[in-house]
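Take a look at the structure set out below.
The values are calculated or read from the model by the stated rules, or taken from the named source; none is laboratory data. Keep in mind that this is a model prediction, so the values were computed, not measured. Cβ sites come from the backbone with ideal geometry, for glycine too, and all protein chains shown count toward neighbours.
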Amino acid sequence: MASTIRVRAVAGSDNTEVQALVQHPMDSGFIKDAKGDLIPPHYIEVIEFQHAGKAVFTAYWGPAVSKDPYIKFSFKGGKTGDDLNISWVDNKGQSDSLVGKIQ
Amino acid sequence: MRRLIVIRLAAAALLAASATAALAATADDFKAALAKAEAASKAAAALKNQWTTTADALKAAQTAAAAGKFDEAVKDAQRAEALANASIAQAKEQAATWQQAVIH
Amino acid sequence: MTAKHRTAAINGTVFFAIAVAAIGAQAARAANTVDPQADFKAFRAYFTKRFPKVPLSDFVNGPYSMDAGLRKQWIEIDAFPPYQFALDKGKQMFETPFPNGKTYADCFANKGIGIRQNYPLFDTKSGEVITLDVALNQCRQQNGQPPLDYTKDDMAALTAYMAYTSRGKPFDIKIPDDPRARAAYQKGEEYFFSRRGQLNFSCASCHVQSAGQHIRTEVLAPALGLVAALPIYRSEWGGMGTTSRRLTSCNSQVRAVPLKPEDEQYRDVEYYLSYMSNGLPISGPGARP
Amino acid sequence: MDLNSMSENTVKRRGQTRRTVVQGALAGGLATLGLAGTAPADRARAADASKWPKEAFSQKTEAGAIKALYGKTPEASDKVSLDAPEIAENGAVVPISVTTTLPGVTSIAILAAGNPFPLAAHFVIPAGTSAAVANRLKLAKTTNVIALVEAGGKIYSATKEVKVTVGGCGG
C-alpha cells in the first residue's frame with residue numbers, strides 16, 4: 001500500500017526545507033454525513049520529523065487542521081541522500097510512518 | 001409573441017394551482033391531479049428539461065397523500081404540474097432562441 | 001412549508017418571464033449556420049477584450065487569473081497540492097495491468113501519455129463525441145473490466161494523471177469534415193447557451209455574462225479555458241471532481257435535474273467548450289475553491 | 001482586488017511564480033511517487049501522542065487555550081509575522097504561515113478565535129529548526145487568527161482577521 005505521507009525535503013546551502021502532505025480525513029466532529037449523523041472527530045494529534053536520530057520538528061494538531069494536512073518547516077543541516085523519518089498518530093490510535101530521502 | 005404565450009401559460013398554471021386550494025380534496029381529486037402532474041413531468045423529462053423543484057413537489061404530494069392530507073397533496077401535485085409546464089415552455093422557448101445568446 | 005414552496009414556484013416563473021423578455025430583444029442569429037471557426041474567433045475576442053490584463057494562457061487558471069487574493073492562496077496550496085494523492089492513485093491505476101495483461105496505455109495513442117489535449121474527439125465510426133472519461137471506460141470494457149463511475153474518485157484519479165502528463169500542451173480539438181461532427185458541435189453550443197432549471201440560467205449566464213464576478217468569495221471562471229483544468233480538486237467538495245461531477249453539480253445549482261453522466265448533451269458541450277479553448281494549455285488537475 | 005487594476009509588471013511576475021510552481025509540482029510530484037515506502041521505518045522512533053496538549057486543545061475560548069498551553073499572557077509583537085489571507089477562498093483550506101525574527105524560539109502555536117476549539121496547532125521548535133512554519137487550517141467563520149511564539153520563556157503574538165464566507169465546518 002502506498003504510504004499516507006508525501007514528503008519533499010530539499011537540502012539548501014544552510015537549511016533543509018521540508019514540505020509534507022498526509023492523507024487523512026481530519027474530521028472535525030462538527031460535520032454531518034449524508035444521513036444527517038455527526039461524523040465523529042478523527043484527526044492526527046501528532047506528527048514528528050526526525051533527522052539523524054533527533055526530532056527536528058513536532059506538530060501537535062487539533063481538528064481545525066485541514067483535510068489532507070500540509071506542513072512546511074526547515075532545519076539546519078541535512079544533506080542530499082540523508083534519511084528523514086516521519087511518523088504520525090491520530091486520536092483513534094492509527095498511525096503511519098515513512099522514511100524519506102533528502103533531495 | 002412566443003414569450004407572451006410562455007408567460008400566459010405559466011401564469012395560468014399558477015392561477016389554477018391557487019384557485020382550487022380552498023376546496024376540500026379527496027383521494028380521487030389527488031389521483032387526477034397527480035396523473036396530470038406526472039404526465040407534464042414526463043413530457044419535461046422527454047425534453048431533458050426537468051426542474052428539481054418539480055420532482056420535489058411530486059414527492060411532497062405523494063407524502064401528503066400517504067398521510068391522508070389530500071388538500072395539501074392536490075396543491076403539491078398542481079404545483080408540480082405548473083412547474084413541469086413552465087420547464088416545458090422554457091425548453092421550447094430556448095430551442096427557438098438560444099442562438100441569440102451566442103457570442104458573435 | 002407549502003407556502004414557502006409556492007413562493008419559490010412563483011419566483012421561478014418571474015425569473016423566467018423576465019429572462020425570456022430580455023432574450024427576445026436581441027437580434028436574431030441566422031439559423032442553421034455552423035461555422036466553428038467564426039465562433040472560435042468571436043468567443044476568444046470576447047474574453048480577451050473583456051479581460052485585457054489576463055494573459056491568454058492564464059485563462060485556464062479560472063478564478064485565479066482574475067483575483068490576486070485568491071491567486072496567492074492557490075499558489076500556496078498548489079506548492080503541495082491536495083490532488084497529489086489522486087495523482088499518485090491515478091498513476092498506479094494507469095500502470096496496473098488488467099487481468100489479461102494489457103494496460104490502459106494499450107488503448108491510447110502514445111501509450112496514453114500527453115494526449116489529454118486531444119479529447120474530446122469525434123469518432124467518425126460511431127458518429128459520437130468521445131470524451132477521455134468515456135474512452136477510459138471503453139478501454140476497460142475492451143479488457144473485460146466493469147466501467148468506472150463517471151462522477152467518482154477512481155475516474156477522477158485516472159483523468160487527473162492523464163491530464164498531468166499533458167500539462168502545458170495546447171488543446172487540439174478537431175471537428176472532422178462530417179456533418180455529424182458539426183451537428184454535435186452545434187448541439188454542444190446550444191446546450192451551453194440554453195437556459196435551464198427553475199433559476200433559468202444557462203452555462204453562459206455564469207461563465208460568459210457573469211465571468212469574473214464574485215459569488216460570495218468565489219469568482220466565476222470564464223468559459224474560455226474552463227475545461228482545461230479538469231478534473232479538479234475543490235475545497236468545497238473536500239475532494240476530486242470529474243467533468244461529469246462539475247456538469248451535474250452546475251445543473252443542480254440552477255435547479256435543473258442533471259442528465260446522466262456522459263449523456264450525449266454533456267459530451268457535446270464538452271466538445272464545444274474544448275474547441276473554444278483550442279490553443280490554450282492543459283492545466284489539469286486543477287485546484288479550485 | 002481585480003486583476004484589471006494590477007500593473008502589467010505584477011501580472012508578469014505572478015505568471016512567472018506560477019510557472020515555477022508548476023515545474024516544482026511536476027518534479028516533486030513524480031519524485032514523491034518513488035519515495036513512498038522506500039525503506040522500513042524500523043530505525044525511527046514513532047511519533048508519541050502522550051504529549052499532545054489535550055487540555056489546551058479542549059478549551060473553548062482563546063484565553064483558555066493560551067492559559068492551558070503556556071500559562072502566561074502573550075504580548076503583541078511586530079517581530080511575529082502572521083501571513084493569512086484577508087478573504088479565505090474557502091474556510092476548509094486556509095493557508096497560514098508564521099515566521100519570527102525573535103531569537104530563542106522554542107514553540108509556535110496558531111489559534112482561530114472563532115473556531116469551536118480555538119487552538120488549531122502547536123509546533124515544537126528545537127534548536128537548529130527555523131522559527132517558521134506553514135500549514136493549512138479550517139476556519140468556521142470570519143475570525144481573528146492568532147499566532148503565538150514562545151521565545152526566551154515569554155509569549156509573543158500577532159493577530160490578523162480572516163474573512164470567511166464559506167465556512168470550513170460543513171455545507
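Assorted remarks:
- When the range B:61-88 is filtered for residues that are more than 8 Å from chain C (Cβ to nearest Cβ) and touching a residue at least 40 places away in the same chain (Cβ under 8 Å), the ones remaining, listed by number, are B:Phe70, B:Asp71, B:Ala73, B:Val74, B:Ala77, B:Gln78, B:Ala80, B:Glu81, B:Ala84, B:Asn85, B:Ile88.
- Residue in the range D:63-77 that is in contact with a His (Cβ under 9 Å, 6 or more places away or on another chain) and at pLDDT 95 or above present: yes
- Residue within the range D:86-104 that is facing another protein chain (nearest Cβ under 7 Å), over 23 Å from A:Glu45 (Cβ atoms), without any contact (Cβ under 8 Å) to a residue 12 or more places away in the chain and not charged (D, E, K, R) present: no
- The range C:115-153: number of residues that are in a loop (DSSP other than H, G, I, E, B) and more than 19 Å from the chain's Cα centre (by Cα): 9
- Exclusive hit being among the hydroxyl-bearing types (Ser, Thr, Tyr), more than 7 Å from chain D (Cβ to nearest Cβ) and under 18 Å from D:Thr129 (Cα atoms), set A:Thr58, A:Thr16: A:Thr16
- Under the condition of being hydroxyl-bearing (Ser, Thr, Tyr), touching a strand residue (DSSP E or B) at 6+ places or on another chain (Cβ under 8 Å) and either surrounded by fewer than 20 Cβ atoms within 10 Å (Cβ to Cβ) or assigned to a strand (DSSP E or B) (or both), the residues counted in the range C:236-289 number 1.
- Test: residue in the range B:89-98 that is farther than 30 Å from C:Ala38 by Cα and out of contact with any Pro (no Cβ under 6 Å at 6 or more places or on another chain): yes
Residues are listed down the side, and each one gets a yes or a no for (1) within 18 Å of C:Val254 (Cβ to Cβ); (2) in a helix (DSSP H, G or I); (3) at pLDDT below 95:
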| residue | (1), (2), (3) |
| --- | --- |
| B:Ala57 | yes, yes, no |
| B:Gln78 | no, yes, no |
| B:Ala91 | yes, yes, no |
| B:Gln100 | no, yes, yes |
| B:His104 | no, no, yes |
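- The range C:181-224, residues that are part of a helix (DSSP H, G or I) and among the hydroxyl-bearing types (Ser, Thr, Tyr): C:Tyr185, C:Tyr191, C:Ser205
- Of all residues in the range A:36-46, at least one satisfies being touching a Gly at 6+ places or on another chain (Cβ under 9 Å) and of a type in the set (Ser, Thr, Tyr).
- For the range A:61-87, filtered to residues that are within 20 Å of D:Pro126 (Cα to Cα) and in a loop (DSSP other than H, G, I, E, B), the residue that is modelled with the lowest pLDDT is A:Gly77.
- Condition broken by C:Gly238, with the remaining ones in (1) on the phi > 0 side of the Ramachandran plot; (2) within 14 Å of chain B (Cβ to nearest Cβ) satisfied: (2)
- Single unsatisfied condition, A:Gly12 versus (1) at pLDDT 95 or above; (2) of a type outside the set (Phe, Trp, Tyr); (3) over 30 Å from D:Ala113 (Cβ atoms): (1)
- Restricting the range C:80-104 to residues that are under 23 Å from C:Pro170 (Cα atoms) and facing chain D (nearest Cβ under 8 Å), the residue that is surrounded by the fewest Cβ atoms within 10 Å (Cβ to Cβ): C:Lys91
- The range C:168-185, residues that are surrounded by 20 or more Cβ atoms within 10 Å (Cβ to Cβ) and within 17 Å of the chain's Cα centre (by Cα): C:Phe171, C:Ile173, C:Ala184, C:Tyr185
Residue-by-condition table, conditions (1) aliphatic (A, V, I, L, M); (2) in a strand (DSSP E or B); (3) in contact with a Cys (Cβ under 7 Å, 6 or more places away or on another chain):
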position: A:Thr16; (1), (2), (3): no, yes, no
position: A:Ala20; (1), (2), (3): yes, yes, no
position: A:Ala34; (1), (2), (3): yes, no, no
position: A:Pro40; (1), (2), (3): no, no, no
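- Neighbours by Cβ (under 7 Å, 6+ apart or cross-chain): first from the range C:23-45, more than 8 Å from every other protein chain (Cβ to nearest Cβ) and closer than 19 Å to C:Gly188 by Cβ; second modelled with pLDDT of 75 or more and outside any helix (DSSP H, G or I): C:Pro36/C:Ile175; C:Phe40/C:Asn278; C:Arg44/C:Leu224
- Total residues in the range A:89-98, condition touching a helix residue (DSSP H, G or I) at 6+ places or on another chain (Cβ under 9 Å) and part of a strand (DSSP E or B): 4
- Considering residues of the range A:2-13 that are more than 8 Å from chain D (Cβ to nearest Cβ) and outside any strand (DSSP E or B) only, the residue farthest from the chain's Cα centre (by Cα): A:Ser13
Listed here are the residues, each with its yes/no results for (1) buried (at least 22 other Cβ atoms within 10 Å of the Cβ); (2) within 7 Å of chain D (Cβ to nearest Cβ).
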position: A:Phe30; (1), (2): no, yes
position: A:Asp33; (1), (2): no, no
position: A:Gly36; (1), (2): no, no
position: A:Ile71; (1), (2): yes, yes
position: A:Gly78; (1), (2): yes, no
position: A:Ile86; (1), (2): yes, no
position: A:Gln94; (1), (2): no, no
